[in-house]
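Below is one structure, written out as structure tokens, with a few remarks after it.
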Amino acid sequence: MSRISANHSSVRRGFTLTELMVSLSISAIVMGGVLAAYLFLGRNLERMMFFQQQQVESRRALRNFTQDLSATVQLTTATTSQIALTKTITGGTSSVTYTYTAPTGGSTADGKLDRVESGATTHLLTHLTSFTFSYFTEAGVQVTNAPQSAKSVEFNFASSLGSSANGTSAAFTSVSPRVVLRNRAALQ
């Protein structure tokens with residue numbers, strides 16, 4: 001009889017169905033958490049990339065705008081969406097125009113700011129939702145009816161890049177410092 005009981009009391013091998021179901025459930029929860037973290041990090045990385053792109057465009061536009069306005073001798077057009085100026089360059093003068101093109105159609109973020117000098121167009125800012133040039137007198141009072149008499153200029157804009165549907169939307173707003181028209185007489 002001891003032989004028979006020895007066969008029946010042998011060591012159990014393998015897992016029970018309950019143990020397998022518990023371990024698979026825990027594994028599924030852990031894998032779901034890892035996948036959610038991966039997607040969250042991917043979206044945040046894309047959103048940060050869009051934000052960095054907007055900052056780089058903003059700095060480049062501000063640098064060009066400041067350099068051009070610092071060398072300006074005459075404003076020929078000055079509206080809230082366009083500024084045309086004549087600036088001094090080595091050996092003469094050059095005409096530069098900054099033009100804001102508002103968003104069109106169904107998209108609200110396809111506006112752009114272009115810089116044109118000697119027939120060459122450069123896209124300085126893209127994905128704009130709004131843009132405005134503002135003009136100020138020497139005393140710092142905003143000029144609204146005769147912008148050609150301005151002594152300083154600033155611009156402000158808002159841009160949006162990415163998709164809010166998938167969580168990658170990055171909105172950026174900036175106001176430039178007031179740039180003084182250094183080569184212009186205070187009163188013209």
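Since every read-out is calculated from the coordinates, none of them should be taken as a lab result. In this text the structure is predicted, and so the values were computed from the model without any measurement. Using ideal geometry, Cβ is built from the backbone for each residue, glycine included, and neighbour counts are taken over all protein chains shown.
Annotations
- Listed values (i) 21.7, 79; (ii) 15.4, 46; (iii) 31.5, 121 include one computed from this model; for Rg and Dmax of the Cα atoms in Å that value carries the label (iii).
- Once both labels are positioned 7 Å from their Cα atoms along Cα-to-Cβ, the gap between residue 114 and residue 137 label points is 3.5 nm.
- Residue-span extension gain [residue 20 to residue 36] - 0.36 nm each, minus C-alpha spacing: 3.3 nm
- Packing here is the average count of other Cβ atoms within 10 Å per residue, and on that basis the peptides 112-124, 29-41, highest first, run 112-124, 29-41.
- Between residue 94 and residue 52, the FRET efficiency estimated from the beta carbon spacing at R0 = 35 angstrom works out to 0.65.
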